[in-house]
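Novice: Can you read through this structure? Questions will come right after.
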Amino acid sequence: MTHLGGPGDDQAKGSGDGPRAVAPEIADAVESLTDLWSLAAQGAVLRLSPHQLRALRALEVSPGLNLTGLAERLDTGLPTASRLCDRLEAAGLLERGLHPHKRREVRLSLTAHGRHVLGDVAERRAQALGAALAGMEPGERDALSRGLRAFLGTRTGRAPLPGDATSGT
């Protein structure tokens, strides 16, 4: 974790509530949420890697993607995406089918079993998150929800991150 909470920690954080001051606390929360998310998914009907879950989720959101589209969504190369699809197809989670108008294009879609597995993972994650949120006061949950909506708004608008080509840093 990035925020150790030891002596002298206040000096390391910086002053006030600026972005740099709260970033370590948020990084710790994200790491904790990631752990909760992974553990909840591992208890599902079928244990899948985070990469496999991302692929299935991409196909759930955009049914009929082709291999190139999936590779772009996962930010991976075509050979890696192809091998991933081979494994998911062998597990009965996705199927490949010919595009109705483009004979050379293969469309990817979830099987009923794939949709069931995603539903199971989503339910387990919702239960785990609900249990964690139950330990918070209602005002804290409301503040967290407002903050997350604001954060998502900046990311949806694609505010540049430090190091992005368009950010100038």
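The values are calculated or read from the model by the stated rules, or taken from the named source; none is laboratory data. Just so you know, these numbers come straight off a predicted model, no measurement behind them. For neighbour counting, all protein chains shown are included, and Cβ atoms are generated from backbone atoms with ideal geometry for every residue, glycine included. Heads up: the accessible areas ignore ligands, DNA and RNA and are worked out on the full protein's heavy atoms, side chains in. Shrake-Rupley method; radii C 1.70, N 1.55, O 1.52, S 1.80 Å.
Novice: Quick one: which of 56-63, 74-81 comes out on top by average Cβ neighbours within 10 Å, and what's the full order, highest first?
Specialist: Final packing ranking: 56-63, 74-81.
Novice: Calculate the FRET efficiency for Arg115 and Glu137 from the Cβ-Cβ distance with a Förster distance of 45 Å, rounded to the nearest 0.05. All intermediate terms of the calculation are to be shown ahead of the outcome.
Specialist: Details: r = 36 Å, r/R0 = 0.80.
About 0.80, to the nearest 0.05.
Novice: For the range 44-131, with every protein chain kept in place, what is the accessible area per residue (1.4 Å probe, Å²)?
Specialist: So the range 44-131 comes to 60 Å² accessible per residue, rounded to a whole number.
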